[in-house]
Amino acid sequence: AARQLSFQSKLERIAAGMEYYALSVPLKITLALGNKGAVPVSATVNNSEKFLASLFPVGGGRHYLRVKNKICQAAQIKEGDRVKVQITVRDRSAEISMPKDLMSVIRAKGLVEDFKALPIGKKSYLLLLIEEAAKPPTREKRIQDAVDAARKKRERR
């Protein structure tokens, strides 16, 4: 089952003069996660609609959660407000589905294991680009980019 955690934090502006906000994740939550790197989550603030994000590391074993201005407006929260945060740790490997056309190409080239060995973020990004391609030539080029990434992974192993 997915890990769900909740905490309260004060909404902070993270870029002067810009609508970029973040919430400091309490140390006890970071320790419970057992991960000093980025942690993919789905989150809600003050019972907002669920949004996808990552807890990003800020040093000293601490994390922040970025909150887009659109979410702040919808949840009617502003800089300095104390908000209730609920996060669910995502299993990104379970979210990845391989398009059949990509799988047939990487299988034909013997690169399946190399593609699977790519970092999860890189894999997710490549697959997202393939899925978002509007025209067949664009999709073919993006599939080739994924094949090239797998080939580079093989060369580095």
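The values are calculated or read from the model by the stated rules, or taken from the named source; none is laboratory data. Everything numeric here is computed off the predicted structure, so don't read it as measured data. A quick note on method: Cβ atoms are made from the backbone with ideal geometry, for glycine too, and the neighbour counts reach across all protein chains shown. Surface areas here come from the heavy atoms of the whole protein model, side chains and all, with no ligands, DNA or RNA. Shrake-Rupley method; radii C 1.70, N 1.55, O 1.52, S 1.80 Å.
Key figures for this structure:
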quantity	calculated
Members of segment 1-58 found to be in contact with an Asp or Glu (Cβ under 9 Å, 6 or more places away or on another chain) and among the polar types (S, T, N, Q), listed by number	Ser24, Asn46
Looking only at segment 6-39, and only at residues there that are of a type in the set (Ser, Thr, Tyr) and assigned to a strand (DSSP E or B), the one that is farthest from Thr88 (Cα to Cα)	Tyr21
Selected residue (only one of Leu11, Leu52, Leu102, Leu31 is of a type in the set (A, V, I, L, M), more than 17 Å from the chain's Cα centre (by Cα) and within 30 Å of Asp148 (Cβ to Cβ))	Leu102
1 or more residues closer than 20 Å to Gln4 by Cβ: qualifying helices (runs of 4 or more DSSP H) within segment 40-153	69-74, 92-95
The one condition in (1) modelled with pLDDT of 95 or more; (2) open to solvent by 20 Å² or more (accessible area, probe 1.4 Å); (3) of a type in the set (Gly, Ala, Ser) that Ala16 fails to fulfil	(1)
Segment 53-75, residues that are open to solvent by 90 Å² or more (accessible area, probe 1.4 Å), in contact (Cβ under 8 Å) with a residue 12 or more places away in the chain and over 16 Å from Val25 (Cβ atoms)	Lys68
Any chance Glu79 is at pLDDT below 90 and either exposed (fewer than 14 other Cβ atoms within 10 Å of the Cβ) or not polar (S, T, N, Q) (or both)	no
Segment 27-38 residues that are touching a residue at least 12 places away in the same chain (Cβ under 8 Å), paired with ones that are open to solvent by less than 30 Å² (accessible area, probe 1.4 Å) and in a helix (DSSP H, G or I) (beta carbon under 9 Å, 6 or more apart)	Lys36/Thr30
Per-region count, segment 83-134, residues open to solvent by 50 Å² or more (accessible area, probe 1.4 Å), more than 25 Å from Ala53 (Cβ to Cβ) and among the acidic types (Asp, Glu)	2
